[in-house]
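Participant: Quick one: the structure is below, and I'll ask about it shortly.
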């Protein structure tokens, strides 16, 4: 008996669509039925417009690469005519997107149907989706645990079978970490590979949009659709986009894989270490060359990240002032009161924390001590990776030091929450591409079921073809 439509790989769905065995409406009905069955418990979706999506399905052009495929969208990306909340009271019920983000324009051009907006940490600030001001999203593997963040809704939808594939965003691990926690594939493209136009900015020098899927091949298909130059985004690179699906056919034999010692130190859950070690053993047996190496400034990545990211957030979120759009307080006494109360009422605790921190490090007298020094550390981290990639083709390690944690485990200690991204943050600082691939599960116990574990692959900027080739080979070995 074949698996339900909404859980099948994109390539399999495309074959059935092209052969007319199914229609785009059949696929959409399958997704909608799965949402009705599973999402009340999971809480991945903030909203969806089934009638509009169904109308698009009926006129879908099946000759296009993603013709008739519905794609879930993280609710930080603008879809014309649909609400945009960024998981915040600042925008919820107050903003309708007047335009499509570039990635949405490209999905439509490839024949896909943007379907449903997915929950997230408020303004992408968080690692568990507990910071959403709108609802709780639960991990499909264990409803008492977080799905990761900030793209927790995007990951949970794919893992629960309520989406065929989704888009997330990654500023410090927000695609890869929830992909690891939910047992799916999450791809963070190189900085500038995918346009950020129409994605609400958190930290403009770090943010990147990417696919979240059930397989590496699906991620390659989705990346192919959304990548490429964009005159609307001055940071988007003009480099040609290779055929990512063709890259999956390469042999892993002779591939040089670096194992940074800093990613295998203390603090890794024993089950995570065992799963990653098993993957390494299989890769070596298949002919890959494994090379231990060092990224000496890794220990400074989190400190540098939370200075640079919060500084940029402070500037980017200044636009939410109660004047132009978004939440406005009632009956302000004067302009200062309007600003103060609108922002105090509209933003949640974590967003306020990061705005305050970012404003502080940019303030007179502290800029050189904090922000400028963090940028110098960022340069050193980039140099570390450049030296590593002069020796190897890709880097490998755990995506996260632990499996998904329980709700409330880190909410009273922001630093512990920040440390959940300890292995993912440096890739954003250096502009690398990275991918989290499922590589096993923890052993089930009386206290917890089996939980997924992610294997993180990193490649140089614009190295997605090599990244995908390596991950696809590992996917086959681990199957």
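Participant: Given (1) touching a residue at least 40 places away in the same chain (Cβ under 8 Å); (2) assigned to a helix (DSSP H, G or I); (3) out of contact with any helix residue (DSSP H, G or I) (no Cβ under 6 Å at 6 or more places or on another chain); (4) surrounded by fewer than 19 Cβ atoms within 10 Å (Cβ to Cβ), identify the lone condition not met by residue 306.
Facilitator: The number of the failed condition is (4).
Participant: Could you figure out which of (1) under 21 Å from residue 192 (Cβ atoms); (2) free of Cβ contacts under 8 Å to residues at least 40 places away in the same chain isn't true of residue 464?
Facilitator: Of the numbered conditions (1) under 21 Å from residue 192 (Cβ atoms); (2) free of Cβ contacts under 8 Å to residues at least 40 places away in the same chain, the odd one out for residue 464 is (2).
Participant: Looking at 467, 395, can you tell me which residue is in contact with a strand residue (DSSP E or B) (Cβ under 8 Å, 6 or more places away or on another chain) and assigned to a helix (DSSP H, G or I)?
Facilitator: 467 is the lone residue from the list that is in contact with a strand residue (DSSP E or B) (Cβ under 8 Å, 6 or more places away or on another chain) and assigned to a helix (DSSP H, G or I).
Participant: Here's another thing I want to ask about it. Taking the criterion of being on the phi > 0 side of the Ramachandran plot and modelled with pLDDT under 95, would at least one residue in the stretch 267-281 satisfy it?
Facilitator: For the stretch 267-281, residues on the phi > 0 side of the Ramachandran plot and modelled with pLDDT under 95: present.
Participant: Does residue 387 meet the test of being surrounded by fewer than 16 Cβ atoms within 10 Å (Cβ to Cβ), not assigned by TED's automatic domain parsing to the domain that holds residue 186 and not in a helix (DSSP H, G or I)?
Facilitator: When the stated conditions are applied, residue 387 does not pass them.
Participant: Tell me, yes or no, whether the stretch 347-363 has at least one residue that is at pLDDT below 95 and either assigned to a loop (DSSP other than H, G, I, E, B) or in the same structural domain as residue 90 (by TED's automatic domain parsing) (or both).
Facilitator: Checking the stretch 347-363: at least one residue is at pLDDT below 95 and either assigned to a loop (DSSP other than H, G, I, E, B) or in the same structural domain as residue 90 (by TED's automatic domain parsing) (or both).
Participant: Look at residue 301 and say whether it is under 30 Å from residue 97 (Cα atoms), in contact with a helix residue (DSSP H, G or I) (Cβ under 6 Å, 6 or more places away or on another chain), in a helix (DSSP H, G or I) and touching a residue at least 60 places away in the same chain (Cβ under 8 Å).
Facilitator: no
Participant: Return the only residue of 423, 418 being modelled with pLDDT under 95 and either closer than 27 Å to residue 227 by Cβ or not assigned by TED's automatic domain parsing to the domain that holds residue 287 (or both).
Facilitator: Step by step, each of 423, 418 is checked, and only 418 is modelled with pLDDT under 95 and either closer than 27 Å to residue 227 by Cβ or not assigned by TED's automatic domain parsing to the domain that holds residue 287 (or both).
Participant: Being out of contact with any helix residue (DSSP H, G or I) (no Cβ under 6 Å at 6 or more places or on another chain), outside any loop (DSSP other than H, G, I, E, B) and surrounded by 15 or more Cβ atoms within 10 Å (Cβ to Cβ) is the filter here; which residues of the stretch 258-272 pass it?
Facilitator: Residues satisfying the conditions are 259, 260, 263, 264, 271, 272.
Participant: Here is a follow-up. Condition check: touching a helix residue (DSSP H, G or I) at 6+ places or on another chain (Cβ under 6 Å) and either surrounded by fewer than 21 Cβ atoms within 10 Å (Cβ to Cβ) or assigned to a loop (DSSP other than H, G, I, E, B) (or both). Does residue 332 satisfy that?
Facilitator: yes
Participant: Which residue pairs have Cβ atoms under 8 Å apart, sit 6 or more places apart or on different chains, and have a first residue in the stretch 194-205 that is at positive phi and a second that is assigned to a loop (DSSP other than H, G, I, E, B) and crowded, with 20+ Cβ neighbours inside 10 Å?
Facilitator: Listed pairs, sorted by first residue: 198/78; 198/100; 198/101.
Participant: Please go through the stretch 34-61 and give me each residue that is over 13 Å from residue 157 (Cα atoms) and either surrounded by 14 or more Cβ atoms within 10 Å (Cβ to Cβ) or under 25 Å from the mean Cα position of the chain (by Cα) (or both), ordered by number.
Facilitator: Selection gives 49, 50, 52, 53, 54, 56, 57, 60.
Participant: Moving on to the next point. When you look at residue 93, is it surrounded by fewer than 24 Cβ atoms within 10 Å (Cβ to Cβ), without any contact (Cβ under 8 Å) to a residue 12 or more places away in the chain, out of contact with any helix residue (DSSP H, G or I) (no Cβ under 6 Å at 6 or more places or on another chain) and farther than 20 Å from residue 34 by Cβ, yes or no?
Facilitator: yes
Participant: I need a count of the residues in the stretch 398-413 that are outside any strand (DSSP E or B) and either surrounded by fewer than 15 Cβ atoms within 10 Å (Cβ to Cβ) or over 21 Å from the mean Cα position of the chain (by Cα) (or both).
Facilitator: Total satisfying the criteria: 4.
Participant: Of the residues 450, 474, 420, which is part of a helix (DSSP H, G or I) and over 17 Å from residue 172 (Cβ atoms)?
Facilitator: When all the criteria are applied, what remains is 474.
The values are calculated or read from the model by the stated rules, or taken from the named source; none is laboratory data. Just so it is clear, the model here is predicted, and its values are computed rather than measured. Because the Cβ atoms are built from the backbone with ideal geometry, glycine has one as well, and the counts that use them run over all protein chains shown.
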